[in-house]
Amino acid sequence: MTAPLPFATDLAPVTREDWLKLVDGVLKGAPYDKRLVTRTAEGLALDALPVRKANAQPVAGRAAGAPWTISARVDQPDPAAANAQAIEDLEGGASGLTLVFASSPAAHGFGLPGGAPLGHILGGVMLDLIGVRLESGRFRGRENALAYADLVAERDLDPAALDVSFGLDPLADLAAVGAAPMPWAMLSHRVAETAALLKARGFSGPLLRADGAVHHAAGATDAQELAAVLAAAVAYLRALETGGFPLEEAARRIDVALTADVNQIATIAKFRAIRLLWGAVLREAGLPETPLKVHATTAWRSLTRRDPYVNLLRGTIAAFAAGVGGADSLTVLPFTQALGLPDAQARRLARNTQLILLEESQLHRVADPSAGAGAVEAHTDGLAGAAWELFRAIERQGGLADALESGWWPGEIAAARDRRARDIATRKEPLTGTSEFPILGQGVPEVLAPVPARENPPTDKALAPHRLAEPFEALRDAAEQAGNPHVFLATLGPIAAFTARAGFAKALFEAGGLGVTVTDGYAGLDDVVAAFAVSGTPVACLASSDEIYAADATAAATALKNAGAAQVWLAGRGGEHEAAWRAAGVDGFISAGCDVLAALTEAHAALRIGGR
């Protein structure tokens with residue numbers, strides 16, 4: 001008879017030391033901190049085997065069982081089409097609307113026109129049953145907020161009963177434009193005056209917003225985004241107090257917006273961290289902790305135009321993380337947003353991503369489900385600490401307005417963007433479907449209108465948006481305009497010897513729009529040279545094993561150069577043979593960790609793509 005299995009409670013607890021013993025056997029002497037400790041852009045060291053946080057308490061956020069608001073983005077430039085868009089979204093499951101005006105930095109070439117007839121755009125929309133958010137930009141928050149307030153009065157609705165976030169955010173406008181129409185002292189007085197007008201008209205919800213989207217889209221790290229949001233919120237707290245609001249009420253009149261990105265743990269941690277940071281501010285101000293409304297929007301900078309279907313996965317991960325992190329409302333950018341104005345199908349998928357997470361996965365049932373998890377807690381605490389120090393640095397600059405106008409904060413973000421750009425170029429931070437595993441000749445989904453050319457930033461201090469994939473996309477565009485030239489793959493030896501590096505080379509060159517054909521190999525060097533001669537391309541790449549390279553790479557490179565190759569690459573590292581191989585005709589080496597963008601740019605030049 002089989003012995004009964006012990007209950008889980010009868011088993012001895014598994015300690016970190018037990019896990020480390022197992023890991024040591026896999027690492028086989030490799031240093032743990034080199035293989036299983038990750039360094040983030042903020043300099044945080046994240047252990048792959050974190051200890052569970054004892055006695056952890058949930059971070060107070062969205063209540064258990066309360067679903068977040070599915071806030072659909074309304075950005076149609078035509079008012080009638082915008083109205084149809086809003087109605088379709090609400091009938092399709094959205095529970096809120098984000099009105100994105102063309103002046104908003106998040107409009108990306110589209111958006112509701114200035115002075116748009118809100119009564120027409122929101123015709124048939126029952127404002128007392130949904131959440132509404134305004135995203136204005138370019139210092140037009142006041143006029144749009146008052147226009148919405150006028151609409152509420154026209155419909156004889158109770159302002160105090162409405163779920164509306166007016167989104168007055170002059171500091172985000174300053175960040176996006178790079179200059180303000182008046183000194184900050186006057187601007188802060190004006191925003192407090194507008195808030196007082198809205199309060200007098202009976203609106204009881206958030207009036208001012210600290211939004212991190214413009215910082216994130218320009219390249220900010222998670223800690224930088226948190227610090228900028230916190231600095232803006234504190235500036236607004238001071239402005240409202242100076243404008244006559246009791247400090248405790250002023251705290252309730254501010255909401256925040258953060259970006260949900262593709263790193264799941266980091267996004268969960270960021271949304272938890274903002275509540276810890278705001279709680280610290282309230283304690284410093286001698287105020288009781290009050291709930292902070294946090295909105296999430298999936299990341300613009302992580303969207304790709306190439307293989308855009310992957311954006312559906314990016315949006316799902318980001319939405320999941322924002323929901324688990326406690327966001328009160330969430331906007332998922334349609335997967336074709338980087339291509340142009342999304343059509344009904346793309347918008348439907350953006351809505352349904354959230355509906356599945358809420359209604360089928362029941363993701364909202366538990367408040368802060370990651371509380372106590374070692375990885376999340378460590379990342380939350382690390383981000384909160386790093387953001388707090390950055391916030392203090394901003395305050396030492398005189399506050400966010402001064403930090404922006406002096407150019408110090410744009411410089412800090414530019415430095416972070418440059419560091420990430422190096423990781424993108426070397427594929428340390430890979431972009432699936434763009435820098436990794438590209439598909440040449442893939443069809444492009446339909447959009448209602450193509451994305452317009454991006455305008456130059458108004459000033460050199462403006463925080464301009466940049467998508468991570470843009471450098472690779474530019475190469476792909478240029479290659480397509482040239483008819484997708486190809487690179488000849490000179491495979492040496494048997495198929496088992498060259499398959500791995502041939503596949504690597506193929507994926508690398510295709511990331512730049514250059515076609516590569518992998519054959520079953522050649523009988524000898526003469527056949528390689530003969531095939532190259534009829535290939536019609538001046539660029540070749542050797543692919544084989546280290547052993548075969550040591551014996552044949554020199555002869556192969558020389559033969560290809562003699563056959564007319566303008567450029568010869570070798571898939572692998574040069575090592576001790578690099579000087580000899582270069583002397584024989586090898587122009588460059590491609591391997592894991594190399595600067596892929598630089599290599600592709602050189603290949604484009606040899607192929608005379610784009611007039612290079």
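None of the figures in this text is laboratory data; all of them are computed from the coordinates on show. For clarity, every value in this text was computed on a predicted model and none was experimentally measured. We place every Cβ from the backbone using ideal geometry, glycine too, and count neighbours over all the protein chains shown.
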For region 34-164, what does the alpha-carbon gyration tensor say about shape, rounded, prolate or oblate, given a ≥ b ≥ c as the root eigenvalues, a/c under 1.5 as rounded, and a/b over b/c as prolate? prolate
7 Å from Cα along Cα→Cβ at both Arg35 and Leu11: what's the point-to-point distance in nm? 2.4
Candidates for volume of the Cα convex hull per residue in Å³ are (1) 200; (2) 157; (3) 212, and the calculated one carries label (1)
Shape verdict for region 69-411, please, from the Cα gyration tensor: rounded (a/c under 1.5), prolate (a/b greater than b/c) or oblate. rounded
I'd like the FRET efficiency for Leu27 and Ala63, computed as 1/(1 + (r/R0)^6) with the beta carbon distance as r and R0 of 41 Å, rounded to 0.05. 0.40
Run through the DSSP bridge list for the chain and note the antiparallel percent, rounded to the nearest 5. 10
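Taking 0.36 nm per intervening residue step and subtracting the Cα-Cα distance, what contour gain separates Trp19 from Leu146 on full extension?
Using 0.36 nm per residue and subtracting the Cα-Cα distance, I get 39.7 nm.
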Going residue by residue through region 461-470, the Karplus relation 6.51 cos²θ - 1.76 cosθ + 1.60 with θ = phi - 60° gives ³J(HN,Hα) values, rounded to whole Hz and with x marking Gly or Pro, of 9, 6, 8, 8, x, 9, 7, 4, 7, 4
Give a residue-ordered list of calculated ³J(HN,Hα) values for region 152-160 (Karplus: 6.51 cos²θ - 1.76 cosθ + 1.60, θ = phi - 60°; whole Hz; x for Gly, Pro). 4, 5, 4, 8, 6, 9, 7, x, 5
With the Cα gyration tensor of region 343-451 giving a ≥ b ≥ c as the square roots of its eigenvalues, does the rule (a/c under 1.5 for rounded; else a/b larger than b/c for prolate; else oblate) give rounded, prolate or oblate? oblate
Lys34: which lysines have alpha carbons under 23 Å from its alpha carbon, excluding same-chain residues fewer than 8 sequence positions away? Lys21, Lys428
For Ala449, which sequence-distant residues (separation of 5 or more, or a different chain) have an amide H within less than 5 Å of its own amide H, given hydrogens modelled in the peptide plane? Leu341
For the pair Asp158/Glu455, report the inter-label distance in nm, with labels modelled 7 Å from Cα in the Cβ direction. 4.2
Say each of Asp527 and Asp128 gets a label point 7 Å from the Cα, pointing the same way as Cα to Cβ; how far apart are those two points in nm? 8.1
